[in-house]
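Reviewing the structure listed below.
The values are calculated or read from the model by the stated rules, or taken from the named source; none is laboratory data. Remember, it's a predicted structure, so these values are computed and weren't measured experimentally. Glycine gets a Cβ as well: all are built from the backbone with ideal geometry, and neighbour counts include every protein chain shown.
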């Protein structure tokens, strides 16, 4: 059974930093791309970042580019998101996700989240 | 960046009704579109990817269609457990933007 367990969410002041972790189990972690999606209180989903299965490809939303860094440690089956220069608008529940791998026409894609963690709350406030 | 617009923002329908939600992309995205369901207080759940491919385990009353800029999610016979907010997401290239969501309630 696929399990994703986020941790690291906290109350932090504007301009502060935080590192989120996502411990994965139940699948071969090193074979799958992973992502982070966030949801501000009472709002919709916002895609934040993704990383390829090899770690060589990383992708970011414009709203976090240059401030957040995604990484992975396959020896620990863990995904990370480093959050720097935090702003009030970064307040949200952050979900870790496993990306579905599907292939067609000789090309494979890993961009759709098929399993989600329960989320960790980041609150940015003074 | 490509914007994703869902309509309606909310709807109320009776059990057994056919429900259709629309998602429009500001530019063509081929069929790189997914649909998610988020029940109140729960994490999102993947329903459909590649515009029309039903994710394993999802009831067959859910279906998706469309290509290019216009997409639809259809619930053929609305059930009480379908009360949720539904999101589309485009993923032809990054950013993999979500629509703003459509809230579905039972009348």
Looking only at residues in region B:55-69 that are away from chain A (no Cβ under 12 Å) and within 22 Å of residue B:17 (Cα to Cα), which one is surrounded by the most Cβ atoms within 10 Å (Cβ to Cβ)?
B:64
Matching option when the condition is assigned to a strand (DSSP E or B), in contact (Cβ under 8 Å) with a residue 24 or more places away in the chain, buried (at least 19 other Cβ atoms within 10 Å of the Cβ) and more than 14 Å from chain A (Cβ to nearest Cβ), among B:11, B:73:
B:73
In region B:37-54, the residues that are in a loop (DSSP other than H, G, I, E, B), under 14 Å from residue A:111 (Cβ atoms) and within 8 Å of chain A (Cβ to nearest Cβ):
B:50
I'd like to check something: does region A:77-92 contain any residue that is modelled with pLDDT of 95 or more, within 14 Å of another protein chain (Cβ to nearest Cβ) and in a strand (DSSP E or B)?
yes
Looking only at region B:91-101, filter to residues that are crowded, with 22+ Cβ neighbours inside 10 Å and within 11 Å of the chain's Cα centre (by Cα); which one of those is farthest from the other protein chains (Cβ to nearest Cβ)?
B:99
Taking the conditions exactly as written (on the phi > 0 side of the Ramachandran plot and within 14 Å of chain B (Cβ to nearest Cβ)), does residue A:57 satisfy them or not?
no
Only one of A:111, A:72 is away from every other protein chain (no Cβ under 14 Å), within 28 Å of residue B:33 (Cβ to Cβ) and buried (at least 20 other Cβ atoms within 10 Å of the Cβ). Can you tell me which?
A:72
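For every residue, the table says whether it meets (1) within 12 Å of the chain's Cα centre (by Cα); (2) touching a residue at least 12 places away in the same chain (Cβ under 8 Å).
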site	(1), (2)
A:50	yes, yes
A:74	no, yes
A:77	no, yes
A:104	no, no
All conditions in (1) in contact with a helix residue (DSSP H, G or I) (Cβ under 7 Å, 6 or more places away or on another chain); (2) buried (at least 21 other Cβ atoms within 10 Å of the Cβ) are true of residue B:35 except (1)
